[in-house]
Structure formats: structure tokens, C-alpha cells
1. What are the residues in the stretch 231-271 that are closer than 15 Å to ASP38 by Cα and in contact with a Lys or Arg (Cβ under 7 Å, 6 or more places away or on another chain), if any?
2. Restricting to the stretch 6-34, name every residue that is buried (at least 17 other Cβ atoms within 10 Å of the Cβ) and at pLDDT 50 or above.
3. Just to verify a result, which residue in the stretch 56-95, among those that are more than 14 Å from VAL133 (Cβ to Cβ) and among the hydroxyl-bearing types (Ser, Thr, Tyr), is surrounded by the most Cβ atoms within 10 Å (Cβ to Cβ)?
4. Being modelled with pLDDT of 95 or more, closer than 28 Å to ALA166 by Cβ and surrounded by fewer than 21 Cβ atoms within 10 Å (Cβ to Cβ) is true for just one of ASP46, ASP98. Which residue is that?
5. Can you tell me which residue in the stretch 220-265 is surrounded by the most Cβ atoms within 10 Å (Cβ to Cβ), limited to those that are out of contact with any helix residue (DSSP H, G or I) (no Cβ under 7 Å at 6 or more places or on another chain) and assigned to a loop (DSSP other than H, G, I, E, B)?
6. Kindly list, by first and then second residue, each pair from a residue in the stretch 59-84 that is over 15 Å from SER105 (Cβ atoms) to a residue that is assigned to a strand (DSSP E or B) and of a type in the set (A, V, I, L, M), limited to pairs with Cβ atoms under 7 Å and residues at least 6 apart or on different chains.
7. For the stretch 250-271, how many residues meet the condition of being in contact (Cβ under 8 Å) with a residue 40 or more places away in the chain and not basic (Lys, Arg)?
8. Filtering the stretch 130-168 down to residues that are closer than 20 Å to ARG40 by Cβ and either touching a Lys or Arg at 6+ places or on another chain (Cβ under 6 Å) or modelled with pLDDT under 95 (or both), which residue is surrounded by the most Cβ atoms within 10 Å (Cβ to Cβ)?
Amino acid sequence: MTHVEPMAKSARTERDAKSRAMSSDSSLDAFFARLDPDVRSQWAWDNYKPTIEALSRGFGLRRLIEIGGGRDPLFTPYEAAALDIELTINDISQEELDAGPVEFSKACFDISGNLAETKVKRGAYDLAFSRMVFEHVKDGRRAWRNLNEILAPGGVAIAFVPTLYALPYLANIVIPEAVSQKIVKMLYPHRTDDEDPKFPAHYDWTYGSEKKLKPMLESVGFREAIVVPFYYHDYFEKIPVVREIDNLANRVAAARDWRFLTSYAYIAARK
């Protein structure tokens with residue numbers, strides 16, 4: 001693997017000073033306004049990594065932790081070195097962490113569990129991020145409270161999640177897990193237990209509505225929060241009639257900013 005030299009101390013100091021100056025008169029609202037995200041969910045998938053990079057640079061956040069990163073973290077060791085970030089990978093499974101890149105620090109704990117029973121340090125991270133993880137935690141409020149605890153002052157947490165009340169996720173809640181497992185494997189043969197398993201989902205506090213989420217996030221200690229909504233999904237791609245009806249519903253919902261029909265969202269909060 002090609003070695004990337006860490007950023008020179010003087011250059012890093014200058015960059016961090018510029019980042020702190022920027023973050024002092026900026027906000028998450030302003031940050032996402034500059035990103036100008038598209039309402040279609042494909043933008044969210046294509047731009048999540050660049051969004052994390054931009055958050056790190058824009059707010060001077062160097063100590064990162066990926067919640068639920070397991071064996072497949074968002075960044076490679078080469079990318080992390082090039083960005084001059086210290087990245088820790090979290091997962092509830094030590095086996096998954098052991099299968100991940102050896103270059104990263106590992107932290108095995110449940111983000112929705114009791115932090116007092118873990119070795120994770122409070123205030124140890126500047127940016128905590130996750131993708132398709134928070135829909136699987138049973139206690140979303142506690143998970144966000146725990147994120148607040150492990151962040152340093154000024155730190156940012158961001159979760160990329162599927163959201164209620166999109167039809168596929170409502171169906172996932174109603175249909176027994178054993179049945180939904182079979183449906184997913186039938187529609188998506190690549191979703192094997194080894195490569196891309198389906199885990200039970202609870203969708204606790206995974207909404208596209210800022211009105212719903214902001215009071216909860218503020219109650220657990222965050223001083224600002226934003227929900228970036230995205231519409232459309234590909235779950236009905238192989239079911240023509242249902243697909244067309246659902247696409248029409250998404251088109252109308254996106255045009256009218258109906259947050260109860262979002263398909264995905266970036267939920268971001270700052271300590």
C-alpha cells in the first residue's frame with residue numbers, strides 16, 4: 001500500500017486555525033445550504049463520503065469515529081491518511097472489527113447501550129458518522145445521547161438513515177422478519193448473509209422531519225440540528241405497477257416537501 005506522509009505540523013496548524021475560524025461563524029444549516037443537495041436519494045448515496053470529508057475540513061474535525069463501520073468502513077486507510085484524520089471504527093461485533101483494516105483503531109460497543117459498561121472515552125471524538133445503522137438500534141434517543149457523550153464540544157454527529165413513513169419500511173415493520181428476509185433475498189440475490197446480510201430494523205427516531213427530531217436532539221444535549229430529506233428508492237424496481245405508483249407519490253412529496261414520505265435523510269447535530 002502506498003504510504004502517505006502526515007500533513008506537516010505548520011500546515012496542519014494553519015488549516016486547523018482556518019477551520020476553527022470558519023466553524024465559529026458557521027452553522028449546520030449554512031453548511032448544507034452550501035452543499036445544495038438534490039432531493040433524490042441517489043445524491044445522498046453518491047455524496048455521503050464527500051459530505052463527511054467536507055464536514056471534517058469545514059469544521060476542523062480530525063478525530064472521527066464511524067458507528068457500525070465493521071469490516072467495511074467508509075474510508076480506506078489511504079484516504080484517511082490523505083485527509084489527515086484519525087479514524088476509529090466501531091461495531092457491536094468484535095469479529096466484524098477484526099475483519100476490517102488493521103490500520104484503524106477499533107472500538108467494540110453498542111451505541112444504544114450503556115456506555116458505563118464500555119471503555120469508550122467521553123469527549124474523545126470530533127465527528128461521529130454512520131450509514132444505514134440507526135434504523136437497527138432499538139433505542140434511538142439513547143443512541144443519540146451516547147453520541148453526544150462521546151463527542152468533544154463543537155463535535156458533529158451525522159447519521160444517514162432510511163426514514164418513516166416510506167412504504168418499504170412500513171412493510172418491513174409489519175411483515176415478520178423471517179418473511180421479509182426471504183423477500184429481500186428473492187428481489188436482491190446479492191444480499192447474502194455473508195456479503196450483505198439483512199438485519200432486523202426498528203426505525204426508532206428515523207424520520208425525515210426536523211419538527212419531530214430537533215426537540216429530541218436538543219433534549220439530549222445538541223445545540224443545533226438539521227434533517228436533510230431525500231426521496232425515491234429502488235425497492236420496487238422489479239415490481240412495475242407498484243414502482244410507478246410509488247415514484248408518483250415520491251415526486252409529489254418532494255415537490256411539496258412532505259417530510260412524512262421521505263425515503264432517506266441525513267440527520268446531523270452539533271454539540
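The values are calculated or read from the model by the stated rules, or taken from the named source; none is laboratory data. None of these values were measured; they are calculated from a predicted model. Virtual Cβ from ideal backbone geometry, glycine too; neighbours counted across all protein chains shown.
1. Once the filter is applied, which keeps residues that are closer than 15 Å to ASP38 by Cα and in contact with a Lys or Arg (Cβ under 7 Å, 6 or more places away or on another chain), the stretch 231-271 yields TYR231, TYR232.
2. Once the filter is applied, which keeps residues that are buried (at least 17 other Cβ atoms within 10 Å of the Cβ) and at pLDDT 50 or above, the stretch 6-34 yields LEU28, PHE31, PHE32.
3. Step by step, filter the stretch 56-95, then rank; the result is SER56.
4. Working: ASP98 fails: closer than 28 Å to ALA166 by Cβ.
ASP46 is the lone residue from the list that is modelled with pLDDT of 95 or more, closer than 28 Å to ALA166 by Cβ and surrounded by fewer than 21 Cβ atoms within 10 Å (Cβ to Cβ).
5. Checked the stretch 220-265; the qualifying residue surrounded by the most Cβ atoms within 10 Å (Cβ to Cβ) is THR262.
6. PHE59/VAL156; LEU61/LEU127; LEU61/VAL156
7. Taking the stretch 250-271 as the starting set, the residues that turn out to be in contact (Cβ under 8 Å) with a residue 40 or more places away in the chain are 254, 259-271.
Checking which are not basic (Lys, Arg) leaves us with 254, 260-269.
So the count comes out to 11.
8. The residue in question is PHE160.
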